[in-house]
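Let me begin by presenting the structure, written as structure tokens, before commenting on it.
The values are calculated or read from the model by the stated rules, or taken from the named source; none is laboratory data. Note that the structure is a prediction, hence the values are computed from the model and not measured. When we count neighbours, we look across all protein chains shown, and the Cβ atoms used for this are built from the backbone with ideal geometry, even at glycine. In case anyone asks, the SASA skips ligands and DNA or RNA and just uses the protein heavy atoms, side chains included. Shrake-Rupley method; radii C 1.70, N 1.55, O 1.52, S 1.80 Å.
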Amino acid sequence: MPDFECRLKTYRQLKNLTQEQLAAQVGVRREAIMRLEKAQYNPSLKLAVDLSRAVDAPIEELFIFP
């Protein structure tokens, strides 16, 4: 069971971005985006900030930690 909930996929789709496009925008591989969306990867603070800016959503909305 993941330690957090990731809503990145929802926000990425709202911006009409593919995983590959978002990955290129934030400087990671597409696999990293895929793993994040499945909550299998805990992002660094820098990556979380970059993703937040890329999809125009607060970090607190993208990553929910219980």
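Observations on the model:
- The residues of region 1-47 that are open to solvent by 30 Å² or more (accessible area, probe 1.4 Å), within 16 Å of residue 60 (Cβ to Cβ) and in contact (Cβ under 8 Å) with a residue 40 or more places away in the chain, listed by number, are 3, 5, 7, 11.
- The residues in region 48-57 that are open to solvent by less than 70 Å² (accessible area, probe 1.4 Å), more than 9 Å from the chain's Cα centre (by Cα) and without any contact (Cβ under 8 Å) to a residue 12 or more places away in the chain can be counted, and the count is 1.
- Residue match in region 15-25 (condition: at pLDDT 95 or above, in contact with a Leu (Cβ under 8 Å, 6 or more places away or on another chain) and under 22 Å from residue 66 (Cα atoms)): no
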